[in-house]
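To start, the structure under review is shown below, and the notes come after it.
The values are calculated or read from the model by the stated rules, or taken from the named source; none is laboratory data. Predicted model, so just to flag it, every value in this text is computed and none were measured. Here the Cβ is made from the backbone with ideal geometry for all residues, glycine too, and neighbour counts use every protein chain on show.
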Amino acid sequence: MLTLPKEIAVACAPLFEAAPFETAMSRLVGSAPQHTEIVEQILKDPALAGRPALAAGLWLYVDDLDRSHTVSQGENDATGAYWHGIMHRREGDFSNSHYWMRQTRTHPLRRENPELDPDALIDAVAAARGSDPADLVAQQREEWKTLFEWCAAQG
């Protein structure tokens, strides 16, 4: 499961109960937002106040690509670019996703985890041509988890 600071874990618990991690983000491309009202409530929690990177991630978690895009586009750093790149991959705009992932090459998470290869995941999703192979869905979830945990740990 997720390793989060206690206050963030408590704030996000209703979402993870309604949409368990093992079932979230089951489509590689496309958007069918669910549980958006829970995210709206979570984002009012003081533990998430002023944490746009967490907001961008939570909107992706519930497949609300538009709201995630709005948040990540407003962040002018490598973390915002990372969420932005994931969002564009999930909407099927693979060339734009590659563009944003180039902006993340110096991101501390990527330096700490050289095995992360978001460009390879973009290419694999593009090659899947609209299908949702279980191994790629698992990679997508793991990517989200790794970035969300990193963002949560930044305080």
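The table that follows gives values for the structure above.
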read-out: Yes/no for R110 being at pLDDT below 95 and touching a Ser or Thr at 6+ places or on another chain (Cβ under 8 Å); value: yes
read-out: Qualifying residues in region 23-60 (those that are in contact with a helix residue (DSSP H, G or I) (Cβ under 8 Å, 6 or more places away or on another chain) and polar (S, T, N, Q)) - the one nearest to K6 (Cα to Cα); value: Q41
read-out: Conditions (1) surrounded by fewer than 17 Cβ atoms within 10 Å (Cβ to Cβ); (2) part of a loop (DSSP other than H, G, I, E, B); (3) not polar (S, T, N, Q); number of the one not met by L4; value: (1)
read-out: Close pairs (8 angstrom Cβ cut-off, 6 or more residues apart or separate chains): within 16 Å of F148 (Cα to Cα) in region 95-114, among the basic types (K, R) anywhere; value: T104/R110
read-out: Selected residue (criterion: surrounded by the most Cβ atoms within 10 Å (Cβ to Cβ)) from residues of region 32-57 that are touching a residue at least 60 places away in the same chain (Cβ under 8 Å) and under 14 Å from I86 (Cα atoms); value: G57
read-out: Residue match in region 66-82 (condition: farther than 20 Å from L116 by Cα, touching a residue at least 24 places away in the same chain (Cβ under 8 Å) and out of contact with any His (no Cβ under 9 Å at 6 or more places or on another chain)); value: yes
read-out: Positions within region 127-155 being touching a residue at least 60 places away in the same chain (Cβ under 8 Å), assigned to a helix (DSSP H, G or I) and small (G, A, S), in sequence order; value: A128, A152, A153
read-out: Any hit, region 11-23, residues being assigned to a helix (DSSP H, G or I), touching a residue at least 60 places away in the same chain (Cβ under 8 Å) and over 14 Å from the mean Cα position of the chain (by Cα); value: no
